[in-house]
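Reviewing the structure listed below.
The values are calculated or read from the model by the stated rules, or taken from the named source; none is laboratory data. Because the structure is a prediction, the values reported are computed rather than measured. Here Cβ is always computed from backbone atoms with ideal geometry, including for glycine, and neighbour counts include all displayed protein chains. Note: areas computed on protein heavy atoms with side chains; ligands, DNA, RNA excluded. Shrake-Rupley method; radii C 1.70, N 1.55, O 1.52, S 1.80 Å.
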Amino acid sequence: MDAAEFRKRGKEVVDYIADYLEKIDQRQVFPDVEPGYLRPLIPDSAPQDPESFEDVFKDIEKIIMPGMTHWHSPYFFAYFPAASSFPALLGDMLCSGIGCMGFSWAASPVCTELETVMLDWLGKMINLPEEFLAGKDGQGGGVIQGSASEATLISLLAARTKTIRRVQSEKPDLTESDIMGRLVAYASDQAHSSVERAALIGGVKIKNVSSDDTFSVCGSALRKVLDEDKASGLIPFFFCATLGTTPCCSFDKLLELGPICNKENIWMHIDAAYAGSAFVCPEFRHLLNGVEFADSFNFNPHKWLLVNFDCSAMWVKKKADLVGAFKLEPLYLQHHHQESGLVTDYRHWQIPLGRRFRSLKLWFVLRMYGVTGLQEHIRKHIRLSHQFEHFVLQDERFEICAEVVLGLVCFRLKGSNELNKALLKSIDEARKIHLVPCHLREKFVLRFAICSRTVESTHVKFAWQHISQLATDLLKTWEQDHHRQ
């Protein structure tokens, strides 16, 4: 393919993407395929000779789309949103076209500098304390990671290194392995599984802290487990607080937890992967109060802020803590500006060496939507979640299982877990909408998350009428079966 054909085909692909997104509501949101469907449809090995673009492209509808879950469909209410917008897609296309690697300032100066400034923009939009911003010569700063899971892992590893060095300076007779065996990390029993995975990769113990009846961790619960562990000779070093938990969007009590972590020399990382985008709206910023006690903070613009995957924004108060944990300087990566104090080399802030020019799509979105456009997007989704909550509350057969704060509604039929599993099964089999469940304590609960950029009140109303009708049908057969028994 030469440049002339690339121009022609590129326009066709853009048209295809625009058509796909404009007409996505006409596609079945969840695919009707069985595991292994794909292999019989394509050859066993790559072609010896080149194939034409036409041949490849006609297979998109034939082979790819039948196995696609349409995350941007207005009938997709599962997990949390996966952000997308036309400005972000264009920024990402430009990023791919330029194709630079941004592991150091010298490798692509603008790739580094735009990212630093964009994370300052974003930090100011959610009113992050000044010490998290890079500014002209700040000790803190932001970085784009691939996911919230990476941000949690990075902060845990940095905390581990910092703690080992501190303990060794206090007790020089202790070896690194002595200390490693006693380190303990903590997170809510509602925290995302990626926190436990970070501890697994980091080779440290992790303990759950019990959440209260609002599914939040409070200070007294953390204090209790810390006192027990310290009495046993363990070394608490890391706590991951969650703002907007995955099961029910609950919020840990930062104002109680932060001072405890600071007093005990425990690194506090805040995972606000989904909820963080809402903090661009002043009326939701109070949910972030207490961030001033944190060492690191992360949220995903690629969930709810119209920037397509991957774009996970992470800030630290002391960038030296990250660089101190990950810095290696082989000659081939060195450059003559690195000791000037004027440049950031983001390879020291992350797991991989290579990095894409991800700040371009963030720049496009922030400029082309503006703060007001992004606020309206968030507010619209939250209005729609309250609309769905209202429908549920009007139907005495159903119950709401957790406070609806942002764009997630946790609900269920009053009755057994088996009944609710049967309802979800009928929703899955109908394939009109897509939901996923969670467990809240012992209850099997259905999650209804407002996700698509194009979702409207009519789609929410349709979803509720569909769920309500399936519940009616299910309860009839359920009662008949019950009477037979």
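Summary table below
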read-out	value
Candidates 323, 280, 316 - the one that is touching a residue at least 12 places away in the same chain (Cβ under 8 Å), surrounded by fewer than 19 Cβ atoms within 10 Å (Cβ to Cβ) and of a type in the set (A, V, I, L, M)	323
Some residue of the range 80-90 being open to solvent by less than 50 Å² (accessible area, probe 1.4 Å), of a type in the set (S, T, N, Q) and either within 30 Å of residue 193 (Cα to Cα) or in contact with a Lys or Arg (Cβ under 8 Å, 6 or more places away or on another chain) (or both)	yes
Residue in the range 40-47 that is modelled with pLDDT under 95 and touching a helix residue (DSSP H, G or I) at 6+ places or on another chain (Cβ under 9 Å) present	yes
The range 384-399, residues that are under 19 Å from residue 415 (Cβ atoms) and free of Cβ contacts under 8 Å to residues at least 24 places away in the same chain	393, 394, 396, 399
Selection within the range 267-297 - over 22 Å from residue 373 (Cβ atoms) and among the acidic types (Asp, Glu)	271, 292, 295
Which numbered condition residue 93 fails, given (1) more than 27 Å from residue 245 (Cβ to Cβ); (2) in contact (Cβ under 8 Å) with a residue 12 or more places away in the chain; (3) buried (at least 16 other Cβ atoms within 10 Å of the Cβ)	(2)
Check on residue 166, loosely packed, with under 15 Cβ neighbours inside 10 Å and modelled with pLDDT of 90 or more	yes
Members of the range 387-406 found to be outside any loop (DSSP other than H, G, I, E, B) and surrounded by fewer than 17 Cβ atoms within 10 Å (Cβ to Cβ), listed by number	387, 390, 393, 394, 399, 400
The range 162-209 - residue that is basic (Lys, Arg) and closer than 29 Å to residue 440 by Cα and, of those, nearest to the chain's Cα centre (by Cα)	197
Whichever residue in the range 126-148 is assigned to a helix (DSSP H, G or I) and buried (at least 18 other Cβ atoms within 10 Å of the Cβ) and, among such residues, is modelled with the lowest pLDDT	148
Residues satisfying the stated conditions in the range 276-308, i.e. in contact with a Ser or Thr (Cβ under 8 Å, 6 or more places away or on another chain), assigned to a strand (DSSP E or B) and not hydroxyl-bearing (Ser, Thr, Tyr)	298, 299
Qualifying residue in the range 331-340 (condition: modelled with pLDDT of 90 or more and part of a helix (DSSP H, G or I))	no
Condition check for residue 32: modelled with pLDDT of 95 or more and either open to solvent by less than 70 Å² (accessible area, probe 1.4 Å) or out of contact with any helix residue (DSSP H, G or I) (no Cβ under 6 Å at 6 or more places or on another chain) (or both)	no
The range 1-17, subset of a type in the set (A, V, I, L, M) and free of Cβ contacts under 8 Å to residues at least 60 places away in the same chain, residue least open to solvent (accessible area, probe 1.4 Å)	13
Identity of the residue in the range 339-383, touching a residue at least 40 places away in the same chain (Cβ under 8 Å) and small (Gly, Ala, Ser), that ends up nearest to residue 305 (Cα to Cα)	359
